[in-house]
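The values are calculated or read from the model by the stated rules, or taken from the named source; none is laboratory data. Source: prediction; values computed, not measured. Every residue, glycine as well, gets a Cβ built from its backbone with ideal geometry; the counts of neighbours run over all protein chains shown. These accessible areas exclude ligands, DNA and RNA; they are computed on the full protein's heavy atoms, side chains included. Shrake-Rupley method; radii C 1.70, N 1.55, O 1.52, S 1.80 Å.
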Amino acid sequence: MRPRSAPQPVAPPVVRPCQSQDAGAIAALLRELSETAARVRRFLSDCRAAPGVYSNYLAELDGRAAGFLSAVFYETPFHAKGTCLINELVVARGARGRGVGRGLVETVREEARRRGFDEEYVLLGQEFEQ
């Protein structure tokens with residue numbers, strides 16, 4: 001039996017706001033959820049029309065798209081400080097277990113705190129995988 005080697009250090013993901021030119025990379029991630037680049041481009045365009053409501057982030061590992069998160073920020077009469085809803089979160093199969101999801105969620109949580117929002121939700125759909 002060969003001795004096990006020590007785990008190699010893994011660089012954390014780089015998480016940044018999404019831009020128009022990311023549509024193809026995001027579509028590749030979302031194809032795991034059956035989305036298309038055209039639909040993603042329309043979505044990003046719609047989000048840019050309401051910048052205070054939507055925030056979208058792309059996580060990269062080694063310069064390649066590894067994860068995507070979309071959040072909606074809104075206020076209701078019951079939560080005067082505001083609510084952050086994470087409504088899309090996908091991590092590429094090959095990037096799972098490398099802190100990509102955690103980095104995306106922490107980034108949007110920091111944004112919610114900066115905005116003074118006091119409530120966070122994550123929407124889980126049928127596409128949820130173990």
Is any residue of the stretch 39-72 close enough, with backbone N under 16 Å, to a label point placed 7 angstrom from the Cα of SER20 along the Cα-Cβ axis, and if so, which? 39-51
How much of GLU111 can a 1.4 Å solvent probe reach, expressed as accessible area in Å² and rounded to 10? 10
Give me the percent relative contact order of the chain, please, defined on Cα pairs under 8 angstrom at least 6 residues apart. 23
How much accessible area per residue does the chain have, in Å², with a 1.4 Å probe? 66
How large is the helix-only mean residue ellipticity at 222 nm for the chain, computed as the sum of -39500 (n - 2.57) over DSSP H runs with n ≥ 4, divided by its residue count, in deg cm²/dmol to the nearest 500? -8500 deg cm²/dmol
